[in-house]
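What follows is a short report on a single structure.
The values are calculated or read from the model by the stated rules, or taken from the named source; none is laboratory data. In this text the structure is predicted, and so the values were computed from the model without any measurement. Counting neighbours? That spans all protein chains shown, and the Cβs are built from the backbone with ideal geometry, glycine included. To get the accessible areas, we keep the full protein, side chains included, count just its heavy atoms, and leave off ligands, DNA and RNA. Shrake-Rupley method; radii C 1.70, N 1.55, O 1.52, S 1.80 Å.
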Amino acid sequence: MSDIDTTRPPGSSSVSTRAAGHPPVPPYDPELEAVLAAMHPTISPITLADLPTVRAEDRRMAGEAVQRLAQRGFTLTEVTVDTADGAQLPMTLIQGPHTTPRSPLIYYIHGGGMMLGTRWSSYETFAEWIDRYGAVVATVEYRLAPEHPYPTPQEDCYSGLAWLREHGPEYGLAPDKVLVAGISAGGGLAASVTLMARSRGGPSLAGQLLLGPMLDDRAVTASSRQFTTGLWNSSENATGWRALLGRLAAGEHVPATAAPARNADFTDLPPTYIEVGSAEVFRDECAAYATRIWEAGGQAELHVWAGGFHGFDTHAHTSVAQAALEARYSWMNRTLGFTGVHPSA
Amino acid sequence: MNTTDRLERQDTAVKELVRRLSALDAHASEALKVIAFFDTLLARGAGIEAFVRGAAVFAGCPAGLVHPRHQICIRVDEQGRPARQPRIAEEVNDWPCQPLDDESDGFVWIERSGEAAMHDALLLERLAASAHLTIERAGPLALDDASAVEILLAAASTSDARRKALRRLQLREESQVYVMASDSDDADALSRRSAVVDTLVGPVRASVVVTGDTVARTRWGSGPEVMAVDTAKSWRKALCALRLTSRLQPRLQWGTVSSFGPLVDAIDNSDEPPPDVLLIESADREPWVLDTLEAVAVTDTHRGAAALLGLHHSTVQSRLSHLEEALDLKIDSPTGRTRILMALALHRAKHNRFGVRRLTGSHTTSPVP
């Protein structure tokens, strides 16, 4: 099946999330369960020992992604982001043939459990924004844990945003209203970058688009313990947080910029969109994050899709993924101020 | 060895197995994926459109399902999005398609132009089978009595569907019933559990009758008593009995004609009728021929035959002489009677038509189509 992305790092051939002695779990959406049944078995649960294999596959996919994007008629501009600790990060500015001076600027942060992925991971997701909104997408190659633990990934991602404000105008970009977007660990990093932008007087943001974001290292919610098997299960989640935080993980001294669920002050955040499945580890931390924003008088939109596992939205033929995409584009229409239309529509 | 070590070793072994499985022959593994996909949707009771979407995404081209009886018409594009029905175009005829095995006009298709892909046939087969089961189980429309009767009559119906139909008809599985087959032109159904079914011999009304209920009718064939779940068996025999009826014998129970069952099947499956049937056909030049032959064959004397026909016995005598000469056969003998009885029965099975106001052995001379 062409749209089953078996290279997505959190992978499993397991169909059922039920196992003896474990808490009951919401069933998967039937169409999504059928997708799992048809998937190639992949390595699961992922451990630190699997990183070299999966990263090699990530690199191969990156080459393919660049090719595909060029075939779609997009222009790719490579730039270099200098970090405070002296590193130079590759970042790519991608635009389509329909870019105008009023085009939205979207800062994209890839996923991969803080340990995996490249700035090309899930490129189909942002390619759609370029087609639909004439958007310019900036995607940054942040350094990965465990080789580069907290605060490196977070600071790298913030450096990319800062670069856009400083150098954007040289490339014809108006970085006064950036939409920050991230998937999975990238969603957590996007939430961190949003908090950092607020506290450091960074660029004002049009919004934060958090897709299945990884927000909480503590594993205290019901959902964080409910899914012991399946895509991005609780053991993989623990591995990711340990890679990022080392001994700090789940302890008392984890700052909000590392795990945004630790944040205490939810005032003055930009409009927030959170999308998550009811059958994934991140469900409850996502619901709690939206609730905290509402409590603080902020604007948040939360969608919990019944029977969705982590990354369910990539299986775009399913009815539930189509509904999730429609809701997402509706929010982007409202947040960006105009209705994006796919050129082929 | 401590627990952690053991777990890690098991983990390594499992991963090795997974890698080997992935390397299995790609064809077989792709087929297994298709089967696992549809099995899972079935097991989870997914809606009918989910199956069509899955087929389209696997095939990489649009796919569809039409089922006139249930007014279902689904088409999705290669990305699984609902799409309009295709324009009527030449290529429609070239697309691979498969009928549903539910004796309906329903079928599924994938819009493959050019060379077929490796698993097209498997995809279609799985899609058709899943659609059949899902339609019967989900019943997008509430069953009406006639649809419920059709399900009971169809040999291919699943037991799920049969149970549902029985509930609709307020029958228990073990209720004793039999089927009566009658001409669909007759306005009144023999029971409220009735449907008109297209058959080899034209549209025939099938009525499911509970044993003990009284039924009056001018012309019918009735099947044997069966349990309600086995209605389909009674229907086949009721239809056979109906086909053997004539003006002189308008009501036949299966039990009285069961010996003809295999012969009727044989006639249906052969282009070449037995010579005796051809002989009857050749003699059937006057409106009275078939009635006269039958009356003589089923009675002992010319007077009995005459009474049955409502004629004077001398008329019967002269017609018989004429026929014996024409057929070169001594009809008025045990052998002659048997041959004529058999030949007439098979002739009726072959030529009786329903739903068109035309009976062989009746007083009409229009040619048999």
Value of D in µm² per second that Stokes-Einstein yields for region B:145-255, Kirkwood Rh from Cα pairs, at 37 °C (0.692 mPa s): 244 µm²/s
For A:ALA300, distant residues with modelled amide H under 5 Å away: A:THR272
Heavy-atom SASA rank of A:ILE293, B:ILE72 (probe 1.4 Å, accessible area, largest first): B:ILE72, A:ILE293
Cβ-defined net charge surrounding B:ARG163, 11 Å radius [Lys, Arg +1; Asp, Glu -1]: +3
Residue-averaged beta-carbon neighbours from other chains (10 angstrom radius) around B:44-54: 4
Computed FRET value (nearest 0.05) for A:SER344 with B:GLU173, which takes r as the C-beta separation and R₀ as 51 Å: 0.40
Lys/Arg +1, Asp/Glu -1 at C-beta; region A:146-225 dipole; positive extreme among A:THR221, A:THR152, A:SER199: A:THR221
Test item: B:35-43 mean partner chain Cβ contacts at 10 Å: 5
Coil-residue trypsin sites (Lys or Arg not before Pro) of region A:84-172, DSSP, other Cβ within 10 Å capped at 11: A:ARG102
Heavy-atom accessible area ranking, 1.4 Å probe, most first, across B:THR199, A:THR100, B:THR292: A:THR100, B:THR199, B:THR292
Region A:34-336, relative contact order in percent, only Cα pairs under 8 angstrom and at least six apart counted: 15 percent
Counted charge near A:PRO149, where neighbours are those whose Cβ lies closer than 14 Å (Asp, Glu -1; Lys, Arg +1): -2
B/A buried area, accessible surface, summed, 1.4 Å probe, Å²: 1900 Å²
For region A:187-232 and region B:256-282, distance of Cα centres in Å: 80 Å
Net dipole in debye of region B:145-255 [+1 Lys, Arg Cβ; -1 Asp, Glu Cβ; about Cα centre; nearest 20]: 100 debye
Selection from A:SER103, A:ALA70, A:ALA250, by position along the positive dipole direction of region A:34-336 (Cβ): A:SER103
Relative pair counts by distance (%), Cα atoms of region B:271-351, 10 Å bins: 19, 56, 23, 2
Charge dipole magnitude, Cβ of K and R +1, D and E -1 - region A:190-345, Cα centre, debye nearest 20: 260 debye
Net dipole in debye of chain A [+1 Lys, Arg Cβ; -1 Asp, Glu Cβ; about Cα centre; nearest 20]: 140 debye
Compactness of the protein assembly as shown as Cα Rg over 2.2 N^0.38 Å, two decimals: 1.40
Value at 222 nm in deg cm²/dmol, rounded to 500, when DSSP H runs of n ≥ 4 in the protein assembly as shown each add -39,500 (n - 2.57): -13000 deg cm²/dmol
Sequence of B:MET227, A:MET115 when ordered by accessible area, the most exposed leading, probe 1.4 angstrom: B:MET227, A:MET115
Formal net charge of residues neighbouring B:ALA83 (Cβ-Cβ distance under 11 Å; K, R +1; D, E -1): +1
Inter-chain Cβ neighbour average for residues B:71-84, partner chain, 10 Å: 2
Percent accessible area from carbon and sulfur atoms, region A:34-336, protein chains only, probe 1.4 Å: 52 percent
When the convex hull of its Cα atoms is projected in every direction, mean area for chain A (nm²): 16.2 nm²
Derived scalar couplings ³J(HN,Hα) [region A:96-109; Karplus, 6.51 cos²θ - 1.76 cosθ + 1.60; whole Hz; x for Gly, Pro]: x, x, 9, 6, 10, x, 8, 4, x, 10, 10, 9, 9, 10
For the protein assembly as shown, accessible area per residue (1.4 Å probe, heavy atoms of protein chains only), Å²: 44 Å²
Normalised convex hull volume, region B:185-326, alpha-carbon set, Å³ per residue: 145 Å³
Mean Cβ count within 10 Å, highest first, over the residues of peptides A:52-62, A:259-269, A:236-246: A:236-246, A:259-269, A:52-62
Packing-based order for B:52-64, B:334-346, B:118-130, using average beta carbon neighbours within 10 Å, highest first: B:52-64, B:118-130, B:334-346
Long-range HN-HN contacts of B:THR199 with modeled amide H, under 5 Å: B:VAL204
Filter on B:LYS164/B:LYS350; B:LYS164/B:LYS233; B:LYS33/B:LYS233; B:LYS237/B:LYS350 - keep pairs with C-alpha separation over 26 Å: B:LYS164/B:LYS350; B:LYS33/B:LYS233
